[in-house]
Each structure stands twice: as structure tokens, then as C-alpha cells.
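Novice: The structure under discussion is supplied below as C-alpha cells; questions concerning it will follow.
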Amino acid sequence: MKYLTTLEVAHELGVSKQTVLNWLYAGRIQEPPRNAQGYRLWSPSRVDLVRAMMQDGRVHKRTIIHQKPRATAAFLTDYAREVAGVLVEAGIAEVAFTRELSKALTRQRRSAR
């Protein structure tokens, strides 16, 4: 049986290697066995299990699968919903966030001139 590296698994799943590692560290997916050198041994069946978990929404819901950005109304609505969820989870007031966002945008516009 051929085992995959974490990077190969990430490519197969369409996410970054760091995303896979974040899922492991957060306990979202089970740690695969390791070889004598300490490398993770990802079997094809384990990768299929993670893929199924992704499709079922059982990994972190804010994980972004690599895709080209789409500036559509639906995309912006979904993105705003994700930001709102992060603000609520982190206990950040919307007013404070929008104030800081406005400052950051102003700084960015000035530096672009």
C-alpha cells in the first residue's frame, strides 16, 4: 500500500497543507499513524474518510477550499455571513470591527497612491 504525505493529501483534498495540519491540531480529524522517522502515514482510505467529512461539513466550517474568487452578490453574502460568524464567536462588536476596517481601508488607499 502506498502512503501519502500530508502535502499530497492536501493537494488531493484541494486545501492547503496548513489547513490539514490545523484540522489535526484542532482534533477535527484523527491523527494518522506515523513511521519510525515521525512522518504521518496517510492511507487512501483515511484520505477518503477526510474527504467524506469535508462533504458532510464535519471539518471546520470556515475552511476555505482553494478556488478563484467570485465577486458575485451570492459570494459577498456568504463572505459577510462568515465574517459575522467570526465576530460573534470572538466576541467582537460589529461597530469596533467596522471602525477598524474603515481605518485599514483608508491606510491601504493612501499607500496605493
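Any read-out appearing in this document is the output of simple, stated calculations on the displayed coordinates, not a laboratory observation. None of these values were measured; they are calculated from a predicted model. Ideal geometry is used to build each Cβ from the backbone, glycine not excepted, and the neighbour counts take in all protein chains shown.
Novice: If you take the C-alpha gyration tensor of region 73-112, multiply each eigenvalue by 5 and take the square root, what semi-axes do you get, largest first, in whole Å?
Specialist: Working: eigenvalues 91, 48, 8 Å².
Listed largest to smallest, the semi-axes of region 73-112 are 21, 15, 6 Å.
Novice: Applying 1/(1 + (r/R0)^6) with R0 = 25 Å to the Cβ-Cβ distance of residue 56 and residue 94, what FRET efficiency is obtained, to the nearest 0.05? Before the final figure, lay out each step's value.
Specialist: Values: r = 31 Å, r/R0 = 1.23.
FRET efficiency, residue 56 to residue 94: 0.20.
Novice: Given the options 83, 20, 50, state which has the largest fluctuation in a GNM of the chain using a 10 Å cut-off (strictly under) for Cα springs.
Specialist: Highest fluctuation of the listed residues: 83.
Novice: Hey, of (1) 2, 11, 22, 27, 23, 12, 3, 1, 0; (2) 2, 9, 15, 17, 15, 13, 10, 8, 6, 4, 1, 0; (3) 2, 11, 21, 24, 17, 11, 6, 4, 2, 1, which did the structure itself give for P(r) over Cα pairs in 5 Å bins from 0, in percent when calculated?
Specialist: Computed from these coordinates, P(r) over Cα pairs in 5 Å bins from 0, in percent corresponds to label (2).
Novice: Let me ask another. Let's see if you can work this out: charge +1 on each Lys and Arg Cβ, -1 on each Asp and Glu Cβ, no other charges. What is the dipole magnitude of the chain about its Cα centre, in debye to the nearest 20? Display every interim value, and only then the final one.
Specialist: Details: 19 positive and 10 negative charges, 107 e Å.
It works out to roughly 520 debye.
Novice: Search the structure for amide H atoms under 5 Å from the amide H of residue 29, placed 1.01 Å from N in the peptide plane, and list their residues when 5 or more places away or on another chain.
Specialist: Correct list: 24.
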